[in-house]
Amino acid sequence: MSAIIQAIRGMNDILPDQTELWQHLETTLKRVASSYGYQEIRFPIVEKTELFARSIGEVTDIVEKEMYTFNDRNGDSLSLRPEGTAVCVRAGIEHGLLYNQIQRLWYMGPMFRHERPQKGRYRQFQQLGVEAFGIASPEIDAEIILMTARLWRELGIDQQVVLHLNSLGSLAARAQYKIKLVEYFTQHHAALDEDSTRRLQTNPLRILDSKNPQMQALITAAPRLLEHLDAESQTHFDTLRKCLESAGLRYTLNPCLVRGLDYYNRTVFEWMTTETGAQNTVCAGGRYDGLVEQLGGAATPAVGFAVGLERIINLLATNNPIKVGQQPQAYFIMAGDLAKVQGLALIERLRNHLPQLILTVDCAGGNFKTQFKRADKSGATWALILGDQEISSHKIAVKYLREQKEQVLLSEAELIKFIEQQKV
Ligand code: HAM
């Protein structure tokens with residue numbers, strides 16, 4: 001026997017018994033995003049590496065160590081997209097979608113990061129991304145956040161997630177704050193763990209994001225970004241908070257929320273599950289007013305978020321067991337040479353009249369008994385039977401598989417009417 005080839009670690013197959021749940025999730029997300037007036041945009045999975053280095057930031061975990069980067073046959077450095085915001089901005093600038101106009105966009109698809117796989121963290125994962133361009137007001141931040149809250153309600157997981165909110169202020173205010181933070185952590189250098197010592201040089205704000213319990217006291221006592229906001233960012237943040245409060249949305253103010261990508265300013269937020277486990281952020285986003293200009297476009301305010309679909313699926317699967325596994329409503333059995341020749345043509349005519357009907361044809365053959373066994377296992381409501389007898393009488397037999405009812409013999413026209421009356 002030949003050796004079996006397995007999938008790449010952290011890249012998962014989604015099997016038929018899970019796809020119904022995935023479809024339910026995807027349909028709900030798309031419906032809600034569309035209902036807020038957002039339109040779908042699609043873009044490639046591979047981009048120039050430079051796009052991510054210039055947007056996400058050279059000294060972020062993603063760009064430093066998580067990208068799938070390779071040289072193509074022309075020697076160009078390309079990367080599998082680790083996220084969608086930078087690509088959405090690239091496409092928007094390239095096609096003139098962002099210049100002097102408002103755009104509300106969404107996208108859905110796979111992203112790639114070479115992280116250490118564990119539950120909720122994969123190397124290929126799916127995101128829904130939603131981005132609003134051209135609006136600077138805090139009301140659009142509120143719209144975006146209220147949309148995420150609606151997603152959880154529609155999916156029935158609103159009791160399992162909490163919103164964390166922070167403001168990073170303007171780039172200038174953040175640079176000032178960074179100096180204070182470096183001063184503080186330098187004074188407590190001896191108490192820093194290895195990761196934070198490294199971050200002190202490269203990305204000091206990320207020290208606030210440390211999950212190490214031994215670092216928490218030091219982090220809690222650190223200078224607060226929220227206390228160093230510039231006046232405009234403060235007003236923006238206050239208005240956003242009022243909008244959310246007046247809509248009845250509860251949130252936790254989290255001064256340590258800094259996000260792992262460099263492009264953010266002002267509002268940042270994450271939805272976290274109350275479940276235990278390290279990978280508990282199901283959705284994250286914020287404002288990124290400098291990115292369009294940084295990537296060569298005209299200065300354009302922007303705000304958005306991305307949902308990690310696998311993490312939502314994990315929540316749905318553990319807490320809201322939705323019935324999965326699509327069941328055929330009718331199962332067609334045919335036996336005898338004539339029936340086999342005429343059966344599929346008959347079924348195609350039925351499908352023409354009954355496009356909603358889920359109908360499985362037993363093409364595997366065998367005697368009636370074997371076929372009935374499969375019909376029963378399929379979970380179908382009725383078995384439709386075509387044998388020599390039915391052929392000669394121009395009828396089809398309908399056997400109820402789930403109820404104690406008499407089998408009936410129907411003509412093709414009667415069968416169509418019969419199924420129509422069942423409100424398929
Ligand atoms: P992010 O925080 O890097 O932000 O990712 C957003 C979400 O994607 C995370 O909260 C998580 O649910 C999911 N996610 C990230 N990495 C993984 C992984 N390895 N396995 C499974 N799920 C993962 C962004 O990507 C930004 N582009 C969000 C954004 C849009 N900001 C503004 N607009």
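The values are calculated or read from the model by the stated rules, or taken from the named source; none is laboratory data. The shown structure was predicted, so the numbers you read here are calculated from the model rather than taken from an experiment. Cβ sites come from the backbone with ideal geometry, for glycine too, and all protein chains shown count toward neighbours.
Odds and ends about this structure:
- Any hit, segment 133-144, residues being in a strand (DSSP E or B), crowded, with 20+ Cβ neighbours inside 10 Å, among the aliphatic types (A, V, I, L, M) and within 14 Å of the ligand (Cβ to nearest atom): no
- Residues located in segment 65-79, provided they are of a type in the set (Ser, Thr, Tyr) and part of a strand (DSSP E or B): Thr69, Ser77, Ser79
- Reported count of residues in segment 324-357, each being hydrophobic (A, V, I, L, M, F, W, C) and either touching a Ser or Thr at 6+ places or on another chain (Cβ under 6 Å) or in contact (Cβ under 8 Å) with a residue 60 or more places away in the chain (or both), is 6.
- Filter pass, Ile145 being out of contact with any Lys or Arg (no Cβ under 9 Å at 6 or more places or on another chain), among the aliphatic types (A, V, I, L, M) and closer than 30 Å to Gly96 by Cβ: yes
- Selection status of Ile358, farther than 30 Å from Ile416 by Cα, modelled with pLDDT under 95, more than 16 Å from the ligand (Cβ to nearest atom) and of a type outside the set (Ser, Thr, Tyr): no
- Identity of the residue in segment 11-59, assigned to a helix (DSSP H, G or I) and touching a Ser or Thr at 6+ places or on another chain (Cβ under 7 Å), that ends up surrounded by the fewest Cβ atoms within 10 Å (Cβ to Cβ): Thr49
- The residue that is surrounded by the most Cβ atoms within 10 Å (Cβ to Cβ), among those in segment 90-132 that are away from the ligand (no atom under 11 Å from the Cβ) and aliphatic (A, V, I, L, M), is Leu98.
- Considering (1) out of contact with any Leu (no Cβ under 6 Å at 6 or more places or on another chain); (2) surrounded by 16 or more Cβ atoms within 10 Å (Cβ to Cβ), the lone condition that Arg198 does not fulfil carries the number (2).
- All positions within segment 267-286 that are among the β-branched types (Val, Ile, Thr), out of contact with any helix residue (DSSP H, G or I) (no Cβ under 7 Å at 6 or more places or on another chain) and over 16 Å from Gly169 (Cα atoms): Thr276, Thr281
- Within segment 267-280, being assigned to a loop (DSSP other than H, G, I, E, B) and of a type in the set (Ser, Thr, Tyr) holds for Thr274, Thr276.
- Within segment 164-223, the residues that satisfy the criterion of being closer than 17 Å to Gly260 by Cβ and of a type in the set (Asp, Glu) are Asp195, Asp209.
- Just one of the listed residues (Gln371, Gln407) is surrounded by fewer than 18 Cβ atoms within 10 Å (Cβ to Cβ) and modelled with pLDDT of 95 or more, namely Gln407.
- Entirely in segment 179-266, the helices (runs of 4 or more DSSP H) that have 2 or more residues that are at pLDDT 95 or above, closer than 17 Å to Leu168 by Cβ and more than 26 Å from the chain's Cα centre (by Cα): 231-246
- The set of residues from segment 257-289 being of a type in the set (A, V, I, L, M), under 22 Å from Arg199 (Cβ atoms), within 7 Å of the ligand (Cβ to nearest atom) and touching a strand residue (DSSP E or B) at 6+ places or on another chain (Cβ under 7 Å) comprises just one member, Ala284.
- Residues being under 21 Å from Leu168 (Cβ atoms) and in a loop (DSSP other than H, G, I, E, B) - total across segment 96-132: 0
- Residue in segment 266-276 that is surrounded by fewer than 18 Cβ atoms within 10 Å (Cβ to Cβ) and either among the acidic types (Asp, Glu) or touching a Cys at 6+ places or on another chain (Cβ under 6 Å) (or both) present: yes
- Residue within segment 297-304 that is closer than 16 Å to Val130 by Cβ, crowded, with 20+ Cβ neighbours inside 10 Å, among the aliphatic types (A, V, I, L, M) and modelled with pLDDT of 95 or more present: yes
- When Met147 is tested against (1) surrounded by 21 or more Cβ atoms within 10 Å (Cβ to Cβ); (2) within 13 Å of the ligand (Cβ to nearest atom); (3) in a helix (DSSP H, G or I); (4) among the hydrophobic types (A, V, I, L, M, F, W, C), only condition (1) is not met.
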